[in-house]
Amino acid sequence: MYPLIIPRKILLPLAIICFVMMVTGGFFKISHQDFVGISSNIILGIGTGVLLFVWFIVAADALRNRVKNPFMWIIAFLFFGNVASILYLFYRDQIIIKKEKNNF
């Protein structure tokens, strides 16, 4: 099992903050409000940038390690980006197929 490029204790809070930013930016965009003078477009832009950063690191980790159902995870990353990334980071140890040592 290869380690993550950036530790999970950094990536997971970053992904959660990104998710909150995307939901908050979407809410402000729908309600036509600003957040303390910051436009909803800026919040969504920063959230999207961080989402892509986390997504690329998690997708690279999923491709580098042998995971259970790799096709399902890649499809989940494409359609449910941030939520799939958060779930992958939570359950990474259970998802990755560990190599069994042969004691012959």
From the list Pro13, Pro3, pick out the single residue that is in a helix (DSSP H, G or I), out of contact with any Cys (no Cβ under 7 Å at 6 or more places or on another chain) and within 30 Å of Asp93 (Cα to Cα).
-> Pro13
Of all residues in segment 1-31 being among the basic types (Lys, Arg) and open to solvent by 80 Å² or more (accessible area, probe 1.4 Å), the one that is farthest from the chain's Cα centre (by Cα) | Lys29
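The values are calculated or read from the model by the stated rules, or taken from the named source; none is laboratory data. What you see is a predicted model, and the numbers here were worked out from it, not measured in a lab. In this analysis, Cβ positions are derived from the backbone assuming ideal geometry, glycine residues included, and neighbour counts consider all displayed protein chains. Accessible surface is based on the protein model in full, side chains and every heavy atom, while ligands, DNA and RNA are left aside. Shrake-Rupley method; radii C 1.70, N 1.55, O 1.52, S 1.80 Å.
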